Amino acid sequence: MRAPSSGPGASSGPGASSAAGASSAPGDDAFSPGAAWWERFVADCWDADRPVVLRQPLAQPLATPGDLLHMFRGIADRFRSGAPAGGLLFCIEYASKVTEIARHLPDARDASLDAWAARTSEELGGRRFALVAHAPHVASFEHWSRARSFTRGLGVATSLEEYLIDTEIFVGDYLVTPQGVHVDATNAFSFVVQGRKRMLVWPPHVFAGSPHKRSPRSMGGSTYIDDLDYAPYRSQAVVLEGEPGDVLYWPATWWHVGESTGGLAATFNISVLRGQLPMYVAQKLLADPATQTELAGLASVERQAQGDLDALVGRSVEVLAGGESERRLRRWLTRFWMNHLTGARFATPPAPRPGVAMSVRLVVRADPRYPIRWRAVEDAIVISANGHAIELPGGSGAGVLIDELNRGEPASVAALLERHGGIPVADVRALLKWLLEVQALTS
């Protein structure tokens, strides 16, 4: 069964008529299909849990094959140097490789994705392969900005504050998704970048009646079917198929698997995780050195509770509440929530660029669509931009400067220093330099 499509020329759906590619000129808005488009998508697909092929919804591709190659090269360089490179997965046929991955990653020899694929295929003796990179936007502020521009309209239409957003790149000539049929905890927007992409998706009930086929393991919020042969279920699948510029969308509750249509295929995926923010906050809290001292007692709390939920909750509150521990916890949560909002709900924002040069003649401006946030917290002002935060002394008056920047009007560093003479010069310089490093200001 073919999925319904929407886009230019379609008679109905979120991309019908002029809503698709609502921006006619390149720029940030070229990566947003527009408010009216999102309203129809949310009503027709998001709220209805309905998969769909979105035909050419953007005025400009979210990513090109050259973009993906550039991102993969950067990821590969960090991987080879031993630096954190995000989640990388390389599969040969249906097996995930855990050693000698670096030799199969794009490098300076590869002039294009096709050239890299040809080299890889030769090295593997013609065996099929798949390369997956998790969170590539972390190393590409440009593509994070594009993804943020796309999801901004969804956030307005659905109130995305409690959601988490992430990205992935899939590229390869694999016949079938190496992991087979599976279901994820995320709503997926799969932007076709190169080749044709086909997904088979099934509503939740299709595999509910076959518990013997369901794998007992769950990895990364995904559940897998322990059988690569899905032919008996093929007639019940909805087929999503698109070409470069199209977007394949399927809801979190739908089982899915990718199929080859011949040749190399590449996609840039944006995933939206629903309902997991509290767990994510807890994980971040436990992993943060600043709060580990206060939370160290929770292990003994769990032992003392001996499986009694009420006792566990009660003792946890005692550990976290009161005095200095509660103060630090409130401060941590304030910073976290501000970063979650300014980071556009992405699980991990791009890292700052250290060492940015700044002179008094430099003209800077902020983007009012993505305002810098500030809040007075006890004796400090917490400032958050693009998912990162700093603190300045509470009496510095930095909030007035931020409010001016958020209007989006260009101003020189010298003019800002002069107009905000009531703020210590060192604070103004430190704030402006930091905002340039996190790319909340452009010059």
### Per-residue HN-Hα couplings for segment 348-353 [Karplus 6.51, -1.76, 1.60; θ = phi - 60°; Hz; x = Gly/Pro]
9, x, x, 6, x, 9
### Task
State the extension gain, in nm to one decimal, for the chain segment bounded by residue 417 and residue 236, taking 0.36 nm per residue of separation less the distance between their alpha-carbons.
58.6 nm
### Query
Along each of its three principal axes, how wide is the spread of alpha-carbon positions in segment 328-371, in whole angstrom units, largest first?
40, 25, 17
## Note on the structure
Using a 1.4 Å probe on heavy atoms of the protein chains only, the accessible area for residue 234 in Å², nearest 10, reads 100
### Task
Sticking with the crude label model, points 7 Å out along Cα→Cβ, report the distance from residue 2 to residue 430 in nm, one decimal please.
6.2
### Using θ = phi - 60° and Karplus 6.51 cos²θ - 1.76 cosθ + 1.60, couplings along segment 361-377 (whole Hz; Gly, Pro as x)
7, 5, 9, 10, 7, 9, 9, x, 6, 10, x, 6, 10, 9, 7, 6, 10
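If r is the Cβ-Cβ distance from residue 182 to residue 379 and R0 is 45 Å, what FRET efficiency results, to the nearest 0.05?
With a Förster radius of 45 Å, E is 0.35.
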### Query
Just the accessible area for residue 79, please: 1.4 Å probe, Å², rounded to the nearest 10?
80
### Accessible surface of residue 70 - all protein chains present, 1.4 Å probe, nearest 10 Å²
130
### Full-stretch length increase - residue 196, residue 357 - with 0.36 nm per residue and alpha-carbon distance subtracted
53.6 nm
### Task
Could you check the simple spin-label distance between residue 124 and residue 112, using points 7 Å along Cα→Cβ, in nm with one decimal?
2.0
### Task
Grab the other residues whose beta carbon is less than 12 angstrom from that of residue 164, score K and R as +1, D and E as -1, and report the net.
0
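The values are calculated or read from the model by the stated rules, or taken from the named source; none is laboratory data. Keep in mind that what you see is a predicted model, and the values were worked out from it rather than measured. Ideal geometry is used to build each Cβ from the backbone, glycine not excepted, and the neighbour counts take in all protein chains shown. To get the accessible areas, we keep the full protein, side chains included, count just its heavy atoms, and leave off ligands, DNA and RNA. Shrake-Rupley method; radii C 1.70, N 1.55, O 1.52, S 1.80 Å.
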